[in-house]
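What follows draws every value from the coordinates through simple rules; no lab data is involved. All figures in this text were calculated on a predicted structure; none of them were measured in a lab. All Cβ positions, even for glycine, are placed from backbone atoms using ideal geometry, and neighbour counts span all protein chains on display.
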Amino acid sequence: MTPSGTGAVIRTEGLRKAYGDIEAVAGLDLAVPAGEIFGFLGPNGAGKSTTISMLCTLSRPTSGRAEVAGHDIVREPAAVRRSIGLVFQETTLDRELTVEENLRFQADLFDMPRRTARDRIGHLLELVDLADRRNAMVRTLSGGMQRRLEIARGLLHSPRVLFLDEPTTGLDPQTRGAIWEYLLRLPREDGVTIFLTTHHLAEAEHCGRLAIMDNGKLLVEDTPALLKAVIASDLVEIRTGDDTAAAQAIRTRFGLDATASAAGLRFRVADGAAFVPRLCSELTVPIHSVTVTPPTLDDVFLHYTGRPIRDAGGPGPTLSAGPRR
Ligand SMILES: Nc1ncnc2c1ncn2[C@@H]1O[C@H](COP(=O)(O)OP(=O)(O)OP(=O)(O)O)[C@@H](O)[C@H]1O
């Protein structure tokens, strides 16, 4: 494996982790380019947290190799740890300290010179929009503010990679959107590469690149747009005056198989928007409503696994703060 200089800041080769008979990560080959927001999407138990655990040196691989920022995760764990920031799903902030004290405490742990720490704290508080709260006790901050502070703390020692395990779990949709505003700025304004896990499809859409994982295996990896382009068809749902007659007509006239659903009839067709006017003019059965939905990442998951991601397991346990061996 070639270390740094190849543009990849994370590189894995046959990375594997078994817990007894359970193959949590079953041979992962991955290259994450520097400056990306790289998402790891998969249902509960897919192996996302186990992968992050190994890359952050909290858990030792059963076999295979990985490098983070040019350092081998098994042979150079200390160098890897200096190169990364880590934000856990559960808060690890001290609620009885102020915003600034939490950051100072972290700076001391990293032996940062006082002046460097002061400058860096100022920069990061501006970046996550908490400069006016620097003297507030953490317990008085909202959930979204606390998450932003965790992100600032993870970035304090200027890591090359920031790992985030399910960064917006437990936050309401509005706060989730706000957190993403900050995350999207980080590669550009702080030069950091972000590696995050998620099982939220909407969240995965924000990532520059996305790896979809299931049962410990990488199914596919690409940009969200190119992943969806593979599906090459839109979902059309129609409500009609007579679904049986409409399904029959759609089959004979257009050669499409429409199935009944709670939303009426549904079928897939390339370029749904262009198809709808034809459908309306050529179908003699009354049409009450038509909905066209472009391919989603759920469709991509279904394409590769045969089942929708929302049926494959909801939110569940995530990376714990302690080592998992
Ligand atoms: N410490 C452990 N001991 C035994 N089995 C484990 C351990 N940690 C994880 N596993 C198993 O490994 C598999 C992958 O788990 P992992 O937590 O990596 O999945 P995940 O994709 O992160 O899921 P989630 O979204 O629920 O966090 C699961 O079958 C899980 O039960």
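Can you give the local net charge around Leu124? Use residues other than it whose beta-carbon is closer than 13 angstrom to its beta-carbon, Lys and Arg +1, Asp and Glu -1.
Net charge in that neighbourhood comes out at +1.
Nearest-5 percent of antiparallel DSSP beta bridges in the chain?
Taking every DSSP beta bridge with both residues in the chain, the antiparallel ones total about 65 percent.
Using a simple charge model, +1 on the beta-carbon of Lys and Arg, -1 on the beta-carbon of Asp and Glu, nothing else, what dipole does the range 8-221 show about its Cα centre, in debye to the nearest 20?
Here the size comes out at about 460 debye.
Around Pro33, with a cut-off of 15 angstrom between Cβ atoms, what is the net charge of the other residues, counting Lys and Arg +1 and Asp and Glu -1? Show your work: numbers first, answer last.
Details: positive: Arg11, Arg160, Arg188, Arg209; negative: Asp29, Glu36, Glu67, Glu221, Asp222.
It works out to a net charge of -1.
So how do Met145, Met213, Met137 line up by other beta-carbon neighbours within 10 Å, fewest first?
Details: Met145 19, Met213 23, Met137 15.
Listed from fewest to most nearby Cβ atoms, that is Met137, Met145, Met213.
Out of residues 5 or more away from Asp234 or on other chains, whose amide H comes under 5 Å of its own, with H placed 1.01 Å from N in the peptide plane?
HN-HN under 5 Å from Asp234: Val269, Ala270, Asp271, Gly272.
Compute a Gaussian network model of the chain, connecting alpha carbons closer than 10 Å, and tell me which residue from Glu101, Glu189, Glu76 fluctuates the most.
Largest GNM mean-square fluctuation: Glu189.
Using alpha carbons only, how many degrees (0 to 90, rounded to 10) separate the axis of helix 243-254 from the longest principal axis of the chain?
Helix 243-254 sits roughly 90 degrees off the main axis of the chain.
Would you calculate the separation in nanometres between label points at Asp242 and Ala229, each defined as 7 Å from the Cα along the Cα-to-beta-carbon direction?
Here the answer is 4.3 nm between the modelled labels.
Using only Cα atoms, locate the centre of the range 17-47 and the centre of the range 207-242, then give the distance between them in Å, rounded to an integer.
Cα centroid to Cα centroid, the span is 19 Å.
Asp190 to Ala273: FRET efficiency via 1/(1 + (r/R0)^6), r the Cβ-Cβ distance, R0 56 Å, to the nearest 0.05?
Here the calculated transfer efficiency is 0.90.
Summing Lys, Arg as +1 and Asp, Glu as -1, what charge do residues with Cβ under 12 Å from the Cβ of Gly264 carry, Gly264 excluded?
Taking every other residue near Gly264 into account, the sum is -1.
Please say if the range 233-294 is rounded, prolate or oblate, where rounded means a/c under 1.5 for a ≥ b ≥ c the square roots of the C-alpha gyration tensor eigenvalues, and otherwise the choice is prolate for a/b larger than b/c and oblate otherwise?
Rounded, since a/c falls under 1.5.
Using Cβ contacts closer than 10 Å as the measure, can you line up Met54, Met112 from fewest to most?
Details: Met54 27, Met112 19.
With the sparsest Cβ surroundings first, the list reads Met112, Met54.
Trypsin sites (Lys or Arg not before Pro), restricted to the range 34-101: which are DSSP loop and have at most 12 other Cβ atoms within 10 Å?
Within the range 34-101, the qualifying trypsin sites (Lys or Arg not before Pro) (loop, at most 12 other Cβ atoms within 10 Å) are Arg75, Arg95.
Using a ≥ b ≥ c from the Cα gyration tensor of the range 95-189 (square roots of the eigenvalues), is it rounded, prolate or oblate, where a/c under 1.5 gives rounded and otherwise the larger of a/b and b/c decides, a/b for prolate?
Numbers: a/c = 1.82, a/b = 1.30, b/c = 1.40.
Oblate.
Go ahead and set up a Gaussian network model of the chain, Cα springs under 10 Å, then flag whichever of Val25, Val128, Val269 fluctuates most.
The residue with the greatest mean-square fluctuation here is Val269.
Let me check against my output: what whole-number percent is the relative contact order of the range 8-221, with C-alpha pairs under 8 Å and at least 6 apart?
32
So what does log10 I(q)/I(0) come out to for the range 8-221 at q = 0.13 Å⁻¹, using the Debye formula with one equal point on every Cα and no solvent?
-0.72
Need the full-extension length gain, Phe105 to Val292, defined as separation in residues times 0.36 nm minus the C-alpha distance. One decimal, nm. Provide the component values of the computation, followed by the final result.
On the way: separation 187, 0.36 × 187 = 67.32 nm, distance 5.26 nm.
Full extension of this stretch gives 62.1 nm more.
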